[in-house]
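Below: one structure, written as structure tokens.
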Amino acid sequence: MFGMSVAASAQQTFTHITIKSGFNQDVICEDKDRITETTTQSDAPDLQGIDGSGFAFFTTGVQTQGAMCGDDGLFKSSRTGATFKVMPTQLNALVLKGTKKTTVAGNSVIIPGSAVRGELVFETPIKAKSIYVVGTSADGDSQIKVTINYTDNTTADGSITMYDWGSSSSDANQAAVVTNLGRIATKKNWAGDAGNIDAYIFKLYESAVNTDNTKTIKSVTVEQTSDDRSVAIFAVSTSNDIVANGIDEVETPVAVAAYYTLDGVRVAEPVRGVTIVKYTNGVTRKIVKK
């Protein structure tokens, strides 16, 4: 991956972030006939692929229709115009699978996921007013905690929603940045043999949180907080504009909607210790007052 600045409009410029470490799976197939060699395989069936059935995305090397990107790994956000690059032949996604609740022989069983949290470390730390995350969710919408890690060892928490990859809701359609994606089975599953391309139409989404542009960001920690969900994060970009609703750019700062204590009690102003701040764009953060 590499750094790239792309002007989405006269007001906003994005910088694609090179991820130094943090990706844990290869879930982009570039050769259908060698699918077991070109995607991450797992001894635990539920942990293979993006979802529990072992589906992954694919490049134009497999087929043009439904491809996530070309063999060069490039794809563009239809919302902001930001260009991203993934590495089809390497680890290319942070896949987080929440605990799965199921019933076996009449008994309730909880199956832990492969990971519920991961840190994406930037190759080059950067200052920015906002950070954008591109990914998707399977088995339903996912609520995700995003922690911005600064070089001065301070942190700031935000939250985003990553919508189900097959969702047709108005919110999902608004957040979608790549559509009409196909998915390929990395193993034999309910849809057929490994290599079978599912006929459904899937999406990637883009969501964002504001950051402190007086500080330098070194990494982002992403935590899956929804049970029975799978999340795949493929790319990160930054912008020198703040976001109004997690997607669109604005020219004026967002306002504080309310302050809350850790117990959920609404207060008029930040209290001593930790206060949860909810902004008018739906983003929440924790701040510390000494």
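Each value in this text was obtained by applying a stated rule to the coordinates, not by laboratory testing. Here the structure is a predicted model, which means the values were calculated and not measured. Cβ atoms come from the backbone with ideal geometry, glycine included; neighbour counts cover every protein chain shown.
Spin-label point model (7 Å from Cα, Cβ direction): what's the LYS145 to LYS127 distance in nm?
2.9 nm
Please list, in order, the residues from segment 16-35 whose amide nitrogen is less than 18 Å from a point placed 7 Å along the Cα→Cβ vector of ARG117.
22-24
Can you tell me the FRET efficiency between SER21 and ALA255 if r is taken as the Cβ-Cβ distance and R0 is 41 Å, rounded to the nearest 0.05?
On the way: r = 36 Å, r/R0 = 0.88.
Taking R0 as 41 Å, the efficiency between SER21 and ALA255 is 0.70.
Figure the gain on full extension for SER170 and ASP72 (residue separation times 0.36 nm, minus the Cα-Cα span) and round it to one decimal in nm. Write out the running numbers ahead of the final one.
Details: separation 98, 0.36 × 98 = 35.28 nm, distance 3.14 nm.
Roughly 32.1 nm would be gained on extension.
Test of understanding: ordering ARG285, ARG79, ARG229, ARG183 by Cβ neighbours within 10 Å, fewest first, what list do you get?
Numbers: ARG285 22, ARG79 17, ARG229 25, ARG183 29.
So the residues, fewest neighbours to most, are ARG79, ARG285, ARG229, ARG183.
At a Cα cut-off below 22 Å, give the lysines reachable from LYS286, other chains included and same-chain residues fewer than 8 away excluded.
LYS127, LYS129, LYS145, LYS215, LYS218, LYS278
Where Lys and Arg each count +1 and Asp and Glu each count -1, what net charge lies around ASP152 among other residues with Cβ under 14 Å from its Cβ?
Numbers: positive: LYS127, LYS215, LYS218; negative: ASP212.
Net local charge, ASP152 excluded: +2.
For LYS127, enumerate residues with amide H under 5 Å from its amide H, sequence gap 5+ or separate chain, H modeled in the peptide plane.
Result for LYS127 returns ILE217.
Can you work out the FRET efficiency for the pair THR89 and ARG266, with r the C-beta to C-beta distance and R0 = 45 Å, to the nearest 0.05?
Details: r = 51 Å, r/R0 = 1.12.
That pair, THR89 with ARG266, gives E of 0.35.
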